[in-house]
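Scroll down for the structure; my scribbles are underneath it.
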Amino acid sequence: MLVYDQIIRMGTVPDVVTCTIMVNAYCKGGRVSRALEFLKEIECLGFETNGVTYNCLIDGYVGARDVEGAERVLRLMSEKGISRNVVTYTILIKGYYKQGKMEEAEKMFREMEEEEKEGLVVVDEHAYGVLVDGYCQAGKMDGAIRVQNEMLEIGLKINIFIYNSLINGYCKLGQVCEAEGVLMRMVEWNLKPNSYSYNTLLDGYGAFDGALRLWHLMLNRGADQNNIGYFTLLDGLFKMGDFDRAFVVWKDILVQGFTKSRVAYNTMINGLCKLGKLVEVEEIFDRMKELGCLPDGITYRTLVDGYCKVGRVEEALKLKETMEREAIVSSIEIEALKLKDRMEEEGVALSIITYSALINGFCKLGDMEESTKLLDQIIKAGMHTDMKKFSKLHNMTQMRCLSSGIVSLEPVILDDCLDAKGMPDNYYMSEAMS
């Protein structure tokens, strides 16, 4: 509540985004009852809320494993005339299946289908995926396959989330062959298995030979050799503490032609650092540079952390000095600033939407200095006269700054006549909440 009070004192008009952030913050902090109180307080004061605000509250109750509380919020939504959407239903379905109540979960899903017939919601692949995942978590694979077949019959496609749920479900039951069959079908559907797919199967096999055999089988079946699978397998072996097997995979990675893959080297260095094998780390690091693969910020930060863990602080400080001297920063930050500079050089005017994307990106990276510089550029360019969009950007940046311990951002007094009905679209809400 301290951050919210500071925002009020700074003169920023709290809109639906700010109020929703506060409800979400209370819920994430485990204070769901206070979130409900806060919601009622701001509504009494005339501040507007919407379905997203209520979805955050429902999610808070589900996270606290209080489905009855979530149901009460659902009834409150109906009383306020706030429509449910597919997000509302999927949160509740998750709540039921996390408590092992698959009958209630399916009942909620069928209720959502009825609302789809009335044109009120759209039941998509994600909604089906949540129900499939529920059956998989419960070890009821027949139910999972039944729901999967239903969605295929109505023309929906299976996505990687559903495939991973099926792999996990089979592995939990010890049915690794069935899980392997799911992975093979992913390749046939031109879906690339991700780290979760491989890690789940790795745990399912419980043995290196089976996991490595699977990876070679994937390559023979046409899986992309640039796939994340090798690096996931390598990372998994390090997590298991299997140093010798990890080196076998590392040699295989080099044979396959990944000699200039920064991801491969970073995975190897990270694994070795966690095992405290700094001699081997230094050999890999030197080899990396010899082969023309330039270390990045992740490489150096991993090395610094590795040296600190074994008490070699002097080497860690030298690496930090190297990073500062060579200005090694996140590649994402570099590319974002390059794009902005190129647009300005070519005479392309940056709109407030472009600034929004840049500010949000730097906020996520924790670079509040660059974020506030961009906000200042908006003011100097006169774009802050677009009050609805600017207030959302300002609120988001204030929240990020305050949560990072930065309180020096100059307050901006917004127009008292700001249209309170100017609802943010899903883009703004999802960005502000992420």
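All of V263, V248, V255, V279 fail the test of being under 18 Å from V313 (Cα atoms) and among the aliphatic types (A, V, I, L, M), apart from V279.
One residue stands out among those in region 213-250 that are aromatic (F, W, Y) and within 22 Å of V187 (Cα to Cα): the one that is modelled with the lowest pLDDT, which is W215. Out of K289, K320, K277, one residue alone is touching a residue at least 24 places away in the same chain (Cβ under 8 Å), of a type in the set (K, R) and not assigned by TED's automatic domain parsing to the domain that holds K239. It is K277. Restricting attention to region 230-246, the residues that are crowded, with 16+ Cβ neighbours inside 10 Å and either of a type in the set (S, T, Y) or without any contact (Cβ under 8 Å) to a residue 12 or more places away in the chain (or both) add up to 2.
Quick grid of which residues meet (1) closer than 19 Å to A105 by Cβ; (2) crowded, with 16+ Cβ neighbours inside 10 Å; (3) free of Cβ contacts under 8 Å to residues at least 60 places away in the same chain:
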| position | (1), (2), (3) |
| --- | --- |
| E41 | no, no, yes |
| C44 | no, no, yes |
| T53 | no, yes, yes |
| Y61 | yes, yes, yes |
| D66 | yes, yes, yes |
| V73 | yes, yes, yes |
| E79 | no, no, yes |
| Y89 | yes, yes, yes |
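Looking at region 45-151, the helices (runs of 4 or more DSSP H) lying wholly inside it that each contain 3 or more residues that are charged (D, E, K, R) sit at 67-80, 102-117. Number of residues in region 162-187 that are closer than 17 Å to A138 by Cβ and within 24 Å of the chain's Cα centre (by Cα) equals 7. Restricting attention to region 69-101, which residues are of a type outside the set (S, T, Y) and either more than 19 Å from V23 (Cβ to Cβ) or assigned by TED's automatic domain parsing to the domain that holds S165 (or both)? Hits for region 69-101 are V86, I93, K98, Q99, G100, K101.
If you go through region 237-279 and keep only what is in a loop (DSSP other than H, G, I, E, B) and either touching a Cys at 6+ places or on another chain (Cβ under 7 Å) or not aromatic (F, W, Y) (or both), you end up with M240, G241, D242, Q256, G257, T259, K260, S261, L275, G276, K277. Return a yes/no flag: does region 163-170 have any residue that is out of contact with any helix residue (DSSP H, G or I) (no Cβ under 7 Å at 6 or more places or on another chain) and under 19 Å from L131 (Cβ atoms). Looking through region 163-170, none of the residues is out of contact with any helix residue (DSSP H, G or I) (no Cβ under 7 Å at 6 or more places or on another chain) and under 19 Å from L131 (Cβ atoms). Residue check, I162 against (1) within 24 Å of N85 (Cα to Cα); (2) outside the structural domain of D203 (by TED's automatic domain parsing); (3) part of a helix (DSSP H, G or I); (4) aliphatic (A, V, I, L, M), all met but one. Which one? Exception for I162: condition (2). Condition test on L120, is it modelled with pLDDT of 95 or more, within 20 Å of L92 (Cα to Cα) and of a type in the set (A, V, I, L, M)? Spelling it out, it is not the case that L120 is modelled with pLDDT of 95 or more, within 20 Å of L92 (Cα to Cα) and of a type in the set (A, V, I, L, M). The residues of region 171-205 that are under 15 Å from Y135 (Cα atoms) and either surrounded by fewer than 18 Cβ atoms within 10 Å (Cβ to Cβ) or touching a residue at least 40 places away in the same chain (Cβ under 8 Å) (or both), listed by number, are K172, L173.
The values are calculated or read from the model by the stated rules, or taken from the named source; none is laboratory data. Note that this is a predicted model, so its numbers are computed, not measured. Note that each Cβ is placed from the backbone with ideal geometry, even for glycine, and that neighbours are counted across all protein chains shown.
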